[in-house]
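Comments concern the structure below.
The values are calculated or read from the model by the stated rules, or taken from the named source; none is laboratory data. From a predicted model like this one, the values you see are computed outputs, not experimental measurements. Reconstructed Cβ throughout: ideal geometry from the backbone, glycine too, with neighbour counts over all protein chains shown. Heavy atoms of the whole protein, side chains included, go into the accessibility calculation; ligands, DNA and RNA do not. Shrake-Rupley method; radii C 1.70, N 1.55, O 1.52, S 1.80 Å.
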Amino acid sequence: MFEFTSLLAFVAFATSVSAHTIFQEVYVNGVDQGHINGIRVPDYDGPITDVTSNDVICNGGINPYHQPISNTIIPVAAGAQITAEWHHTLNGADPSDSADPIDASHKGPLTAYLAKIPNATQTDVTGLKWFKIWEDGLTPSDQSWGVDRLIANKGKVTFQIPPCIEEGQYLLRHEIIALHAASSYPGAQLYMECAQLQITGGGSTSPATVSFPGAYSGTDPGITINIYQTLSSYTIPGPRRLLM
Ligand SMILES: *[C@@H]1O[C@H](CO)[C@@H](O)[C@H](O)[C@H]1NC(C)=O
Ligand SMILES: [Cu+2]
């Protein structure tokens, strides 16, 4: 019994250290903007689990940023389709890696938020006002998650930049919340990177906003949850997405 338990613990540990992911490439209306270009990516692909930490804004901190940090600001017309691409490591796609783009155990939702920022390449990312533009959670009918759809699509997800928002410089905070170990807090694994955007055109809508940290709490039903049961619904953390 002892050996069996140790084996299970080892397997769980091995999975947890080997199965992380990084958002590392942006496509605008299908046009590739270049690998790790215009995105603040860490070298280490580990999660953030403290939802009250400043590292939940744009990662970094315990996962040091890849140097030099990209000073590209990606031009995007309001209303454009953004495709975001995730992979297990910063090396990009690896068809021989069963945990690329992310280990299948890491079930959970994906989200995307925007925040206006005076200068999209500035170091300080605290105090920004974030609004959610997209999310993909649980489909109760077949118990499939956003992460399942991400894996089926080889690490890519596509969503729209709202046509109605003000032009200017923004950070796009794109996130996976992996719930395989979320039955107690801290346990949910948050993966996020911020892409640096110059949004043009648009309109004058000023959506309701939230802060990071602050938008999530360890007691949120979407942060602390046992996913090893049939779920009739799942509440994605944070505000509802911006209605367009
Ligand atoms: C934006 O921030 C970067 C990084 O701190 C800095 O190098 C650059 O000069 C800033 N640009 C403007 C227009 O302030
Ligand atoms: Cu992981």
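Bridge orientation summary for the chain: considering DSSP beta bridges with both residues in this region, about 90 percent are antiparallel. The length gained by stretching the chain between SER217 and HIS35 to full extension, at 0.36 nm per residue less their Cα-Cα distance, is 62.3 nm. Comparing Cα centroids, the range 51-108 and the range 188-217 end up 15 angstrom apart.
A dipole drawn for the chain from +1 and -1 charges on Cβ atoms has a positive end, and of PHE23, GLY168, TYR65 the residue lying farthest that way is GLY168. A 1.4 Å probe run over the protein chains yields, for the chain, 44 Å² of accessible area per residue, whole-number rounding. Taking every alpha-carbon pair under 8 Å whose residues sit at least 6 apart, the chain reaches a relative contact order of 24 percent. Along the charge dipole of the chain, which of LEU138, THR235, PRO95 sits closest to the positive end, that is, farthest toward it, with unit charges on the beta carbon of Lys, Arg, Asp and Glu (+1, +1, -1, -1)? It is THR235. Rounded to the nearest 500, the helix-only mean residue ellipticity at 222 nm of the chain stands at -3500 deg cm²/dmol, with each DSSP H run of n ≥ 4 adding -39,500 (n - 2.57). Could you compute the net charge surrounding SER144? Neighbours are other residues with a C-beta less than 14 Å from the C-beta of SER144; K and R count +1, D and E count -1. It works out to a net charge of -1. Nonpolar atom fraction for the range 90-244, defined as the carbon and sulfur part of the 1.4 Å probe accessible area, stands at 50 percent. The charge dipole of the chain, taken about the Cα centre with unit charges on the Cβ atoms of Lys, Arg (+1) and Asp, Glu (-1), comes to about 640 debye, rounded to the nearest 20.
Determine the gain in length on full extension of the stretch ALA104-THR121; use 0.36 nm per residue of separation and subtract their C-alpha separation, reporting nm with one decimal.
My answer for the length gained is 2.8 nm.
Shape analysis of the range 171-244 places it in the prolate category; the axes a ≥ b ≥ c from the Cα gyration tensor give an a/c of at least 1.5, with a/b above b/c. For a test of the definition: using alpha carbon positions, the gyration tensor, and the 1.5 limit on a/c, classify the chain as rounded, prolate or oblate. It is prolate, given that a/c is not under 1.5 and a/b is the larger ratio.
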